1. So if I check each of C:Arg234, C:Arg225, C:Arg284, C:Arg240, which one is more than 14 Å from chain A (Cβ to nearest Cβ) and surrounded by 15 or more Cβ atoms within 10 Å (Cβ to Cβ)?
2. Return the residue satisfying two criteria in turn: it lies in the range B:105-148 and is assigned to a loop (DSSP other than H, G, I, E, B) and polar (S, T, N, Q), and of such residues it is farthest from B:Ala17 (Cα to Cα).
3. For residues that are more than 14 Å from every other protein chain (Cβ to nearest Cβ) and not in a helix (DSSP H, G or I), scanning just the range B:150-189, find the one that is farthest from the chain's Cα centre (by Cα).
4. For the range C:255-312, give me every one of the strands (runs of 3 or more DSSP E) that falls completely inside it and has 1 or more residues that are in contact with a Lys or Arg (Cβ under 9 Å, 6 or more places away or on another chain) and either within 16 Å of C:Glu235 (Cβ to Cβ) or outside the structural domain of C:Glu204 (by TED's automatic domain parsing) (or both).
5. Checking B:Ala126 against (1) closer than 26 Å to B:Leu264 by Cα; (2) out of contact with any helix residue (DSSP H, G or I) (no Cβ under 6 Å at 6 or more places or on another chain): exactly one of these is not met. Which one?
6. Name the single residue, out of those in the range A:206-218 being buried (at least 17 other Cβ atoms within 10 Å of the Cβ) and without any contact (Cβ under 8 Å) to a residue 12 or more places away in the chain, that is nearest to the other protein chains (Cβ to nearest Cβ).
7. Any idea which of (1) surrounded by fewer than 19 Cβ atoms within 10 Å (Cβ to Cβ); (2) more than 14 Å from C:His304 (Cβ to Cβ); (3) in contact with a helix residue (DSSP H, G or I) (Cβ under 7 Å, 6 or more places away or on another chain) is the one C:Val262 doesn't satisfy?
8. Being in a helix (DSSP H, G or I) and either polar (S, T, N, Q) or closer than 15 Å to C:Gly35 by Cβ (or both) narrows it down to one residue among C:Leu193, C:Leu186; which is it?
Amino acid sequence: MAVEDRVGADVDVPVGPVARGGGWPAVTAHWFVRYRRMWFGTAVSSFLAPLLYLVGMGWGLGRLVDDGAGGAGGVPYLLFVAPGVLAATALQVAAGETTFSVMGSIKWDRTYHGMLSTPLAPVDVVVGHLVFVLVRVALASSVFLAVAAALGTVRSWWGVLAAPVAVLGGMAFAAWCYAYTARLETDRGITVLLRFVVMPLSLFSGTFFPVDQLPVWLQPVAWATPLWHTVEVCRALTLGVVEPWAVVGHLAFVTLWLVAGVVVAVRVLTRRMVV
Amino acid sequence: MARLADVLPVPAGAGMARTLVERNYRSFRRTWTIIVSGFFEPVFYLFAMGVGVGALVGDVDAGDGRLVPYAVFVAPALLAASAMNGAVFDSTTNVFFKLKYAKLYDSVLATPLGPRDVAVGEITWALLRGLVYAAAFLLVATLAGAVTSWWAVLTLPAATLVGWAFASVGMAVATYMRTWADFDWLQLAILPMFLFSATFFPLSAYPAAVQGVVQATPLYHGVAMIRDLMLGQVTGGMAVHVGYLAVMGAVGTVWTGRRIERLLLR
Amino acid sequence: MTAGAAAPMIRARGLVKEFGSFTAVDGIDVDVMPGEAFGFLGPNGAGKSSTMRMIGCVSPPTAGELTVLGMDPRTHGAAIRARLGVVPQRDTLDEELTVEENIWVYGRYFGIPRAEVRRRAAELLDFAQLADRAGSVVEPLSGGMKRRLTIARGLVNSPSILLLDEPTTGLDPQARHVLWDRLFRLKREGVTLVLTTHYMDEAEQLCDRLVVMDHGRIVAEGSPRSLIAEHSTREVLELRLDTLDHAEHVGAVEGVAERVEVLPDRLLLYVDDGERAQSEVVRRGVEPVSALVRRSTLEDVFLHLTGRTLVD
């Protein structure tokens, strides 16, 4: 045992590096150790499901759309829908990794309580978790984009940047899902979030059809969501029709969502855990 | 009913499945928001597909050369698909949770109820929920102008049949699951059916070889059956769809009872 | 052990914790000295866990003074936590990880280098008698094993103080004894132990010194032996009578004992000589269904101080 004599120990001398703790990287490391054991199952939801949507919607439904209206947004439907599914996938993976796992860490297996009894602070817990989510979303987005490009849906080299943009949009949403879940007492609220926010966002943010098809009163709602901006930029990049100022505007808006979300998430978790 | 069950090669029961349905109803009264929210998923899809994509698609061939607006084409498919999703959701996640964590059936089987009662009770509950979903969706679809025939009333029992087929088999499959991660495999079976059973685009869009594969899947029969009813195109082919789903439901129900018996009464 | 020049590891003066209008801890004074095993004994809801969470720097005090390892939790929480080992009331293990992964991951929270964490994990698993389960996933382990793992995990940073909140609640008797044995070893090696419990046998076994808490206040303080000597008699005679209401029979034993407590199912007679009291009771014509003479325990101390039993 390495717990030799510390009777009357150096009471007021804080121990060197240990006093600061491992910081957020230690939290990220925890989530990766966990993920090692379950990555295979997530492969279905993060890689296969989006590809099935791309093929089902882009190719199958695309034939109807191309016959009926000659495509969407001026391009064949498959090319229209691919960046939409990319951004929606990032959003869904982000939501999936910041809901049940946050609730579980607070209430079920209570690993957050363990983390906070060490030198780690709530900000380390939130940031460490979100960095793990970032890697998950980045993986899912890159794989999807690579396959989508192989199917000929990416027309420009600008398209390479669509993956990081999708990740940014996903993370902006992840931070808010985190903040929302960290307040919940039961997982019912998560089902409500998935059904009434994630699902409609995925369908109506210009992913499967241009938002100008929506009723006029609904269009401003789409413009307010980070997903619509992400989809717009991803589509501009994969199609190679980049208007620099529009892109900067969209990205600034999404970044604002991300920063505000992280700040709120840290506050909410602190209020929940340090009482 | 109970007598008939006694002579058939099905697991033991006491004809008391309704008590389990009642128990689920009591629990439902506390979690109804969640379950009611499940109704919105097909409505969101109907709106996205019918209004959003429909404007791009125009009219679609709904089977025998009859052209219909896309919303009319897709609404029955969404009804069938939501009957499947609802049934699978309830019968797998719910039953898995009860088996593994809540240990509900251990206490149920300590009473006069038998494994057949558990199987029939849980499946009946899934069907009742499915029926309510279907009725609500039919109402919305009618208001949206996606229903064109009085035959559409029969989509309610038809959706219930689809629900039975998937709930019973889904519940049997749930008894084999070890962890929540196994549900990803189930998703792998459900999602392709959802997308490729002539739900969002007609069978004629596929190459001939693939058409055969699509026609072999259960959701294809559910979609075709409900679409024919909603469009008022009732023909002899309906018998094939009904037969396919009824056999699937019966097999699934017996299978589930057997599994419950093996797992809990050893 | 309590007196002396050494600075206390934990010092509280008038410590208060309120949740809204509810006062969980109502002005307590505590000194925990280096190397001692200090206990908070009290029933559920006495304020023990709230006190432990304040000492663990995860719950800011509402009022009063608190120093841990000479530092103020309000300003030096992280530095204090770096030198604490915490065994919470409910395990916070990651049940999807293996036994050793739980220790590695936890050690990384303290910023301990990877190689060092692995070396310590091996030692700690030996100590916790879990070496043969190192590679098993935690979820299916028994409650006693999970508890030992939580303790091993809490020692990964070689803490100066180990905080144990209800360490053996919910364990079977055998698992409790294994756990106590491990805690004795730690104590012998000089680790300061601070624990809460509502089991008087646990408090008597493990604690050098303890405070009895009730409704957020400290009602008595001392070593288990001194508390018994001060607040109870040497022996107790327990009488079960054939009656629906034991209170009716208090008159029949009047004068036999220093003090009589009435419980729903028995009478407790506090006396110095139990055998003699029993013959006296029989001489008076009282015929108990059963009679038992035993030593006084902390349970009796608590009953005397609060009029209630510890475990209800």
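1. C:Arg240
2. B:Thr148
3. Restricting to residues being more than 14 Å from every other protein chain (Cβ to nearest Cβ) and not in a helix (DSSP H, G or I), the top hit is B:Tyr176.
4. C:266-271, C:290-295
5. Result: B:Ala126 passes all but (2).
6. A:Gln213
7. Unmet condition: (2).
8. Answer to the check: C:Leu186.
The values are calculated or read from the model by the stated rules, or taken from the named source; none is laboratory data. A quick note: this is a predicted structure, and the numbers were derived from the prediction, not measured. Backbone-built Cβ (ideal geometry, glycine too); neighbour counts: all protein chains shown. Quick note on the areas: whole protein, heavy atoms, side chains included, nothing else; ligands and nucleic acids left out. Shrake-Rupley method; radii C 1.70, N 1.55, O 1.52, S 1.80 Å.
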